[in-house]
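Just below is one structure, and these are the notes that go with it.
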């Protein structure tokens, strides 16, 4: 599968190097968050890569939810269960949980369908900043810290009415932001479509920390810096 270049399979676990995680973020998700730079002191493996690896290994279930419990550093040994049930976790050798998965309903293991869905979802997911978050922050007159932006991928869930799929894709359905002091809870609702028909729904949830008063000049600088990073690829 197209994911083979983005992880290393060992005898007992999977590892993802900083370069592999960064390449996935930039080349597949179009996500240029500095936290995915290979030389970042705060580097973490993209959550969407873990999502993709789960689908590659276990197939696409009709109903699935993914809750991110921790940030995965480079070369962390990840244990994927051999025969998972309806609920399972991705953990390291010390049993620290990084991703909790729930699934139910029918399952499809067609590699082409899974690859199509993964590529569409991670591109959608990679649009967090600036395309989706900046308008929400402007609407609520809050912003993340430009010097230390902290946006946490909390969870994602999806539901398919049918798994009789050909070319599944993801379309934005709506966005929202609930502000509580210095914390913000953002939701991105999406439709799952196939050949022009809606075949399911989903939602991605983010936590924004360290919120402060909105400043247009600071936002403009953040967007300009992000755009410049994209142009270096």
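Can residue 67 be described as surrounded by fewer than 20 Cβ atoms within 10 Å (Cβ to Cβ) and not in a loop (DSSP other than H, G, I, E, B)? Step through it out loud before you land on a result.
Numbers: surrounded by fewer than 20 Cβ atoms within 10 Å (Cβ to Cβ): yes; not in a loop (DSSP other than H, G, I, E, B): yes.
Against the criterion (surrounded by fewer than 20 Cβ atoms within 10 Å (Cβ to Cβ) and not in a loop (DSSP other than H, G, I, E, B)), residue 67 qualifies.
Which one of these is within 21 Å of the chain's Cα centre (by Cα), within 30 Å of residue 89 (Cα to Cα) and at pLDDT 95 or above: 170, 123, 151?
Values: 123 fails: at pLDDT 95 or above; 151 fails: at pLDDT 95 or above.
Result of the check over 170, 123, 151: 170.
Looking at the stretch 7-29, which of the residues that are under 15 Å from the mean Cα position of the chain (by Cα) and in contact (Cβ under 8 Å) with a residue 24 or more places away in the chain is surrounded by the fewest Cβ atoms within 10 Å (Cβ to Cβ)? Show your work before the answer.
Narrowing the stretch 7-29 to residues under 15 Å from the mean Cα position of the chain (by Cα): 21-29.
Next, from what is left, pick out any that are in contact (Cβ under 8 Å) with a residue 24 or more places away in the chain: 21, 24-29.
Numbers: 21: 26, 24: 23, 25: 26, 26: 20, 27: 12, 28: 20, 29: 24.
So, considering only residues that are under 15 Å from the mean Cα position of the chain (by Cα) and in contact (Cβ under 8 Å) with a residue 24 or more places away in the chain, the one surrounded by the fewest Cβ atoms within 10 Å (Cβ to Cβ) is 27.
When residues of the stretch 99-120 are filtered for being buried (at least 20 other Cβ atoms within 10 Å of the Cβ) and either on the phi > 0 side of the Ramachandran plot or touching a helix residue (DSSP H, G or I) at 6+ places or on another chain (Cβ under 7 Å) (or both), how many remain?
Looking only at that region, the number is 4.
The values are calculated or read from the model by the stated rules, or taken from the named source; none is laboratory data. Everything numeric in this text was worked out from a predicted model, so none of it was measured. Note: ideal-geometry Cβ built from the backbone for every residue, glycine included; neighbour counts use all protein chains shown.
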